[in-house]
Amino acid sequence: MKITVLGSGAWGTALALLLQENGNDVTLWSHNEGTTQTLRETHQCKTLPGVLLPQNMQFTTDLTCVAGCGMVVSAVPSFAVRETAAKIAPLLDPGTVIVSVSKGIERGSSLRLSQVIEAEVGAKNCPVVVLSGPSHAEEVCRHIPTGLVAAADDLAVAELVQHVFMNKRFRVYTSDDRVGTELCAALKNVIALCAGCTDGMGLGDNTKALLMTRGLAEMARLGVALGGRKDTFAGLAGVGDLIVTCTSMHSRNRRCGILIGEGKPVEEAIREVGAVVEGYYAAANARTLAQKVGVEMPITEAAYGVLYEGLDIRTVVPILMSRERRSERDESWV
């Protein structure tokens, strides 16, 4: 199949490599001519040191590469999804399958990224599939066994994506809960940033386990309120992605949280990470969504306070630990 991957960051590059290895004709698009030139000359991505890309992989900054493709993978940062989708809309063949692998919620509109894509390319009747789960690009490139979920309103389209992406080291499950799968992908970044803060403050495993468990509960409450299914949050897209993002140093969100927990100002921590920290944006958007549907999200609210309102990170844990007494079932999503 002819496939274009939009976005030459680590994740887009890792998926382009996987798809090429699966026998597809792959073009990797970047918005930056310098990046594309480097890829052509070295066949290496600077964020994936030591990973060599195939000589027959194509690299371009020309969006006309999406014409004639059976599938387009959207791997651009969340803030660039709408602009990129609008630019490719007139170039797409009707019915082209679009696979959204970016994780986040659009700032301002609070729309899921698949909704943003549909808003821009809807006239072309292009089905949008969400591919998500616990998957560090660095490990996918090293052929470490990985499992994800392909979620679409039409299971037949999800099964097509499963067929195209799956191989002996990359297992793909299907789901018809696109809402839940996509919200898992965005909301876990907030909890991962908070998990990093607990590490930076020198708190222990007990605290992180508490944070992750209660974080998952509030993620799921919001997801169900917005139309997702609760079982999705217990699967790869939910608890699976939450575990890997909260515990790995591959995670930009966790690394940023560590710096904040150590006392660095938020803006400085984000700059030091040197890449997009999606949890920063997701905290604001998740808070907005929670307020719209009346869902209580104390961890997300606290994260918003630290990230946007100057709340002292050292006061957060005492505030959360001193909340009104509850039964676990009172705040459970199961």
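The values are calculated or read from the model by the stated rules, or taken from the named source; none is laboratory data. Values in this document were obtained by computation on a predicted structure and should not be read as measured data. FYI the Cβ positions are ideal-geometry reconstructions off the backbone, even for glycines, and counts take in every protein chain you see. Ligands, DNA and RNA are stripped out before the accessible areas are found, and what is left, the full protein with its side chains, is counted by its heavy atoms. Shrake-Rupley method; radii C 1.70, N 1.55, O 1.52, S 1.80 Å.
Some values worked out for this structure:
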| item | result |
| --- | --- |
| Portion, in percent, of the accessible area of segment 197-323 that falls on carbon or sulfur, probe 1.4 Å | 55 |
| Mean Cβ neighbour count within 10 Å, used as a protection proxy, ranking 32-41, 88-97 highest first | 88-97, 32-41 |
| Descending semi-axes in Å of the chain, equivalent ellipsoid built from Cα gyration tensor | 33, 22, 18 |
| Those lysines that a straight Cα-Cα span of less than 21 Å connects to residue 2, excepting residues fewer than 8 apart in one chain | 87, 124 |
| Cα-based reach from residue 188 at 17 Å (exclusive), listing lysines while leaving out same-chain residues under 8 positions away | 103, 208, 230 |
| Proximal aspartates and glutamates to residue 292, defined as alpha-carbon separation beneath 14 angstrom and excluding residues fewer than eight positions away on the same chain | 301 |
| Separation of the residue 86 and residue 62 label points, Cα + 7 Å toward Cβ, nm | 2.4 |
| Protection proxy ranking, peptides 56-67, 151-162, 228-239, average beta carbon neighbours within 10 Å, highest first | 228-239, 151-162, 56-67 |
| Theoretical gain in end-to-end length, residue 44 to residue 124 [0.36 nm per residue, Cα-Cα removed] | 25.4 nm |
| Segment 66-188 - accessible surface per residue (Å², probe 1.4 Å) | 36 |
| Highest to lowest packing among 127-138, 255-266, scored as the average C-beta count within 10 Å | 127-138, 255-266 |
